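Each remark here refers to the structure printed beneath this line.
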Amino acid sequence: KNQVEQSPQSLIILEGKNCTLQCNYTVSPFSNLRWYKQDTGRGPVSLTIMTFSENTKSNGRYTATLDADTKQSSLHITASQLSDSASYICVVSDRGTYKYIFGTGTRLKVLA
Amino acid sequence: ETGVTQSPTHLIKTRGQQVTLRCSSQSGHNTVSWYQQALGQGPQFIFQYYREEENGRGNFPPRFSGLQFPNYSSELNVNALELDDSALYLCASSKDTYTEAFFGQGTRLTVV
């Protein structure tokens with residue numbers, strides 16, 4: 001069964017600190033992996049998208065990594081800001097069915 | 001701004017009624033997908049359309065149906081509404097199934 005699991009489920013950090021979110025997946029055949037940021041009650045906003053051949057991709061203070069062999073990805077947030085408080089969702093695309101499979105997300109809270 | 005617009009933003013319907021949600025995608029985006037997101041949960045894939053034909057479907061009953069139009073707009077129709085259908089409904093569009101998907105802000109449906 002195609003699944004996407006994220007950890008931790010929730011995280012609280014102080015402003016200015018770094019953090020790393022994890023995503024493990026079993027989706028096969030794999031097409032691409034995306035990280036989204038979602039504020040409560042709003043649509044997800046794309047942070048990065050990576051295909052099979054990409055290992056690292058950055059978007060400002062956000063850096064995503066992908067290990068297609070171990071089927072793991074991480075999202076590293078540098079020098080966190082209060083506005084980073086949101087849910088971060090890992091989404092894996094199934095190349096066979098064209099489906100997007102969402103993780104349940106990590107809720108990040110950044111405190112002043 | 002993602003260029004994807006959903007309407008209405010909020011909607012209240014009675015159990016047993018039918019509802020139509022609308023999504024206006026970016027010009028040139030041939031792929032649109034719809035998701036149901038219950039409170040505190042990650043989005044669940046409903047179905048995807050490519051060039052006006054359904055090409056992928058999640059685990060949703062037939063009373064969830066859709067349409068995609070040549071002008072890059074689409075609809076999600078839900079018949080015989082149930083209380084559990086209360087959720088945020090998101091649409092996402094992309095040029096094709098392998099490129100970045102942009103989400104709308106969602107329609108909050110409440111079934112009473």
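The values are calculated or read from the model by the stated rules, or taken from the named source; none is laboratory data. Since the model is a prediction, treat every value here as computed from it, not as a measurement. Every residue, glycine as well, gets a Cβ built from its backbone with ideal geometry; the counts of neighbours run over all protein chains shown.
Here's the yes/no breakdown for (1) within 10 Å of the chain's Cα centre (by Cα); (2) of a type outside the set (A, V, I, L, M, F, W, C):
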site: A:Leu11; (1), (2): no, no
site: A:Gln22; (1), (2): yes, yes
site: A:Lys37; (1), (2): yes, yes
site: A:Ser58; (1), (2): no, yes
site: A:Arg61; (1), (2): no, yes
site: A:Ser80; (1), (2): no, yes
site: A:Ile101; (1), (2): no, no
site: A:Arg107; (1), (2): no, yes
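For region B:71-90, a tally of residues being assigned to a strand (DSSP E or B), more than 8 Å from every other protein chain (Cβ to nearest Cβ) and of a type outside the set (D, E, K, R) returns 7.
Could you tell me whether B:Pro61 is more than 9 Å from every other protein chain (Cβ to nearest Cβ), out of contact with any Ser or Thr (no Cβ under 9 Å at 6 or more places or on another chain) and at pLDDT below 95? No, not satisfied. Restricting attention to region A:65-83, does a residue exist that is surrounded by 13 or more Cβ atoms within 10 Å (Cβ to Cβ) and within 14 Å of another protein chain (Cβ to nearest Cβ)? Checked against the condition, which is being surrounded by 13 or more Cβ atoms within 10 Å (Cβ to Cβ) and within 14 Å of another protein chain (Cβ to nearest Cβ), region A:65-83 yields no hits at all. Checking B:Ser65, B:Ser93 one by one, the residue that is part of a strand (DSSP E or B) and farther than 18 Å from A:Phe102 by Cβ is B:Ser65 and no other. Would it be correct to say that B:Gln17 is surrounded by fewer than 16 Cβ atoms within 10 Å (Cβ to Cβ), more than 11 Å from chain A (Cβ to nearest Cβ) and not aliphatic (A, V, I, L, M)? Criteria met by B:Gln17. Residues in region A:84-99 that are under 15 Å from the mean Cα position of the chain (by Cα) and within 14 Å of chain B (Cβ to nearest Cβ): A:Ala86, A:Ser87, A:Tyr88, A:Ile89, A:Cys90, A:Val91, A:Val92, A:Ser93.
For A:Ile13, state whether it is at pLDDT 90 or above, among the aliphatic types (A, V, I, L, M) and surrounded by 20 or more Cβ atoms within 10 Å (Cβ to Cβ).
When the stated conditions are applied, A:Ile13 does not pass them.
Within region A:12-49, the set of residues being among the hydrophobic types (A, V, I, L, M, F, W, C) and in a strand (DSSP E or B) comprises A:Ile12, A:Ile13, A:Leu14, A:Cys19, A:Leu21, A:Cys23, A:Phe30, A:Leu33, A:Trp35, A:Val45, A:Leu47, A:Ile49. For B:Glu75, the conditions (1) without any contact (Cβ under 8 Å) to a residue 60 or more places away in the chain; (2) closer than 16 Å to B:Ala38 by Cα are fulfilled apart from (2).
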